[in-house]
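Below is one structure, written out as structure tokens, with a few remarks after it.
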Amino acid sequence: MEGCIFCRIAAKEVQSKIAYEDEEVVAFHDINPQAPVHVLIVPRKHIPTLNDAGEEDQALLGKMMLVAQKLAKELGVADSGYRLVLNTNRGAGQSIFHIHLHLLGGRLFHWPPG
Ligand code: AMP
Ligand code: ZN
């Protein structure tokens, strides 16, 4: 979608530190990391929020989780622990309206989240 920063990153119109990519998904390091490991897993398809995903996106959403698992292993946080976060709408802290899964690891996380 025109003007969407994550569509532009996926299209390589905007530079990012890519950790993984294939025909459906791109993962890149967050520009403002909240943990030693902070990667965003993003579908190439522009879906604004999780509320906008449909049955047709089931495999894509599952793939995002498996890419997160793979990256957690590669980045050395699979055993120590990691957190996946998908903020939906402003009240949950979503600031970029192209769906993305945060992979956070490398430090201790508390519960409940802030
Ligand atoms: P959210 O608040 O869940 O929408 O998360 C958006 C995330 O995107 C934040 O953690 C930002 O730091 C990150 N972000 C914004 N712009 C960029 C960018 N150009 N490259 C990498 N990460 C970005
Ligand atoms: Zn987009």
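For the range 2-32, the list of trypsin sites (Lys or Arg not before Pro) that fall in a loop by DSSP and count at most 12 other C-beta atoms within 10 angstrom reads Lys12, Lys17. Residues whose amide H lies under 5 Å from that of Val26, counting only those 5 or more places away or on a different chain, are Val42, Arg44; hydrogens are built 1.01 Å from N in the peptide plane.
Annotation: the antiparallel percentage among DSSP beta bridges lying fully within the range 5-105 is about 100.
The equivalent ellipsoid that matches the C-alpha gyration tensor of the range 24-85 spans semi-axes of 22, 13, 10 angstrom, in descending order. The convex hull defined by the C-alpha atoms of the range 1-51 has an orientation-averaged projected area of 4.0 nm². Binning at 5 angstrom from zero up to the longest distance, how are the C-alpha pair distances of the chain distributed in percent? Bins of 5 Å from zero give 2, 12, 23, 25, 21, 12, 4, 1 percent of pairs. Computed in the context of the full set of protein chains, the accessible area of the range 35-114 at 1.4 Å probe radius has 56% of its extent on carbon or sulfur. For Glu24, the accessible area of its heavy atoms, probed at 1.4 Å with every protein chain present, is near 80 square angstrom. State, as an integer percentage, the relative contact order of the chain based on alpha-carbon contacts under 8 Å between residues 6 or more apart. With pairs under 8 Å counted, the relative contact order is 29 percent.
The values are calculated or read from the model by the stated rules, or taken from the named source; none is laboratory data. It should be emphasised that the depicted structure is a prediction, and the values quoted were computed from it without experimental measurement. As a convention, Cβ positions derive from the backbone with ideal geometry for all residues, glycine included, and neighbour counts pool all protein chains shown. Just so you know, the surface numbers come from the protein's heavy atoms only, side chains and all, with ligands and any DNA or RNA stripped out. Shrake-Rupley method; radii C 1.70, N 1.55, O 1.52, S 1.80 Å.
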